[in-house]
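Chemist: Let me give you the structure first, and then I'll get to my questions.
Throughout, read-outs are computed from the coordinates displayed, never taken from laboratory work. Being a predicted model, the structure only gives us computed values, none of them experimental. Ideal geometry is used to build each Cβ from the backbone, glycine not excepted, and the neighbour counts take in all protein chains shown.
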2 protein chains.
Amino acid sequence: MKFIISWLLLVGLFSKEGEPKQTTVVILLYPGVELLDFAGPLEVFSLMENTKVVTVAAKPGSLAIMKKTLTITPDYPLETCPQPDILVVPGASPDHIRTVVDDAAVINWIRQTTPKRALTMSVCTGAYVLAKAGLFTGKTVTTHWASTQMLQQMNADARVMEHTRFVEDGKLVTTAGVSAGIDGALRVVSRLKGPAAARSIAETIEYDKWDPNSGLIVGQQPPTKGIRSGKKQAVAKPVSPIKPAGPGTALATDGVDPVCGMTVQKGTAVTMMFGATRYGFCSEICRTRFKREPAKYVSR
Amino acid sequence: MKFIISWLLLVGLFSKEGEPKQTTVVILLYPGVELLDFAGPLEVFSLMENTKVVTVAAKPGSLAIMKKTLTITPDYPLETCPQPDILVVPGASPDHIRTVVDDAAVINWIRQTTPKRALTMSVCTGAYVLAKAGLFTGKTVTTHWASTQMLQQMNADARVMEHTRFVEDGKLVTTAGVSAGIDGALRVVSRLKGPAAARSIAETIEYDKWDPNSGLIVGQQPPTKGIRSGKKQAVAKPVSPIKPAGPGTALATDGVDPVCGMTVQKGTAVTMMFGATRYGFCSEICRTRFKREPAKYVSR
């Protein structure tokens, strides 16, 4: 309890008079953002006491998401968005997240609002955006299981973990894919308002298999119990470095990973033959998945 | 496999030529609908093969949800909505769900489209809407843990279960609260496309603690392993009937349950004294919760 209060004072979530000020949670939205990536945290934070949740996007107007199944209208464009105490960056499929990573206005806004932020959180491939904004240098982080090797490749100075629901490293919380945003947000509630508050929210949303120990808290909670990966329980560990294909087994040209849809470079992709074609992958993870069910991915 | 194919033929999800036709999943939206209630199923069904997911609302135009944090625009009003193969009715807090239950146009539309539907699913208090439409007669169903006794009280001819993530009874799938919509939708995928397809979607959304046996399938899967209720694992069982307060301990007037916010009638509410006030509850579940932390609810 003492630790939590010191921490709150440190990050300014108490006003000078000692009264808790309202926490502003800002969720970044963009065309193609994955619904459950942000719905989990939005749901959890909307149940956190003394909290205002708002949504922001690069520009005013509506956004089509989930293959145009849903139209959403964010509250603010970047220019008028209130300073976030907590920023949540949800992920998306590779083509959509790339657009955000390449949006200088979004990246600059994230950088500019960082010093006054208590906490920054990414869900799934939202990690790419925070990496681009320079928040991952020297940090331990995670992302969707299919993206850990790619994230490591893009950020040699970060320690990318696999088999963990979330990683908390100081003011940075990163989570595994899609539904893991719920766990990341519950961890933030636990840190800001205490474990009982987080448990009460987990009960309200009937997240009955919630395990506060399924994440890695740097400096506090090692090792984690790990998460279920496929059929077996796996312990959090740094992702294995990618071993690109050597001469004779490299891709002839840059291509697209048939599993995750990411662009892969001929120089760095791991590859394998299927039929008469050589396929390139962003990671060993995607290659393994392809090996298991090639027909599924070739027919896409 | 044989069973699945027979069942698909039965419900018309294969066209007469034997080619699988596209499955249309329609998600009902309304002002105040709980985000995660529909985000889970929308996410899961958007990953189901050969499936089109659309959203419908009583009227055209945008809806404010999550205390106005998010504005969403459904695809169709009732009049022009395509016939659903699968209808998903998400829940909301008691005040919002009551508005839908009382909306004759919505209830009539659900009734009219029922005969041609392969499957109907509710999440959380969305069960109230299906109950009102008459779909629960003689059926085994579930809802959010705080609403099971109320649902039983409203539907003497249904068997309301507690401690189960979902219940499948023929063409009806009902789920526990909020996040349990994910499990209900994965069950539907498993039934329509096979367990491997459901497992693949669970992997994609990193729902790593997914347990296909956490629900009750009437006539097929008894008993379930049950779900974690508070700290202990509980097995699915019919909810205990409510025992209203007797003379001398009844409410003086109709009131509001301080825990769940539902309207409670003086004739049927269970009650307890706290300080000088008698409080009324929709269920023993809410009374127990109040007993544990009365200060939390009185101060609301």
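Chemist: For A:Phe136, B:Phe274, which order do you get if you count the other beta carbons within 10 Å of each Cβ and list the fewest first?
Modeler: Fewest to most other Cβ atoms nearby, the residues stand as B:Phe274, A:Phe136.
Chemist: Another one. Under a plain spin-label model, where a point goes 7 Å from the Cα along Cα-to-Cβ, how far apart in nm are A:Thr249 and A:Gln220?
Modeler: Simple spin-label model gives 4.3 nm for this pair.
Chemist: Could you tell me what percent of the DSSP beta bridges with both partners in the protein assembly as shown are antiparallel, to the nearest 5?
Modeler: In the protein assembly as shown, approximately 50 percent of DSSP beta bridges are antiparallel ones.
Chemist: Return the equivalent ellipsoid semi-axes of the protein assembly as shown as a descending list in whole Å, where each equals the square root of 5 times an eigenvalue of the C-alpha gyration tensor.
Modeler: Equivalent-ellipsoid dimensions as semi-axes: 39, 31, 22 Å.
Chemist: Please compute the length gained on full extension between B:Lys291 and B:Ala234, using 0.36 nm multiplied by the number of residues separating them and subtracting their Cα-Cα distance.
Modeler: This chain segment gains 18.4 nm when fully extended.
Chemist: I want to verify a result. In a Gaussian network model of chain A, Cα cutoff 10 Å, which of these has the top mean-square fluctuation: A:Thr73, A:Thr142, A:Thr24?
Modeler: Residue with maximal mean-square fluctuation among A:Thr73, A:Thr142, A:Thr24: A:Thr73.
Chemist: Please compare each pair in A:Lys59/A:Lys296; A:Lys52/A:Lys193; B:Lys59/B:Lys296; B:Lys59/B:Lys116 to a cut-off of 26 Å on the Cα-Cα distance and tell me which ones are over it.
Modeler: Correct reply: A:Lys59/A:Lys296; B:Lys59/B:Lys296.
Chemist: Additional query: Can you compute log10 of I(q)/I(0) for chain B with the Debye formula, treating each Cα as one identical point scatterer, at q = 0.16 Å⁻¹?
Modeler: Each listed q corresponds, in turn, to -1.33.
Chemist: Return the whole-Å distance between the Cα centroid of region A:238-283 and the Cα centroid of region B:247-292.
Modeler: 63
Chemist: Something else: Would you give the gap between the C-alpha center of region A:34-56 and the C-alpha center of region A:99-154, rounded to a whole Å?
Modeler: Cα centres, region A:34-56 to region A:99-154: 19 Å.
Chemist: Past the 22 Å Cα-Cα mark, which pairs from A:Lys68/A:Lys291; B:Lys68/B:Lys132; B:Lys139/B:Lys209; A:Lys266/A:Lys291; A:Lys139/A:Lys209; A:Lys67/B:Lys171?
Modeler: A:Lys68/A:Lys291; B:Lys68/B:Lys132; B:Lys139/B:Lys209; A:Lys139/A:Lys209; A:Lys67/B:Lys171
Chemist: Further question on the same structure: In terms of the ratio Rg/(2.2 N^0.38 Å) built on C-alpha atoms, what value belongs to region A:51-98?
Modeler: 1.24
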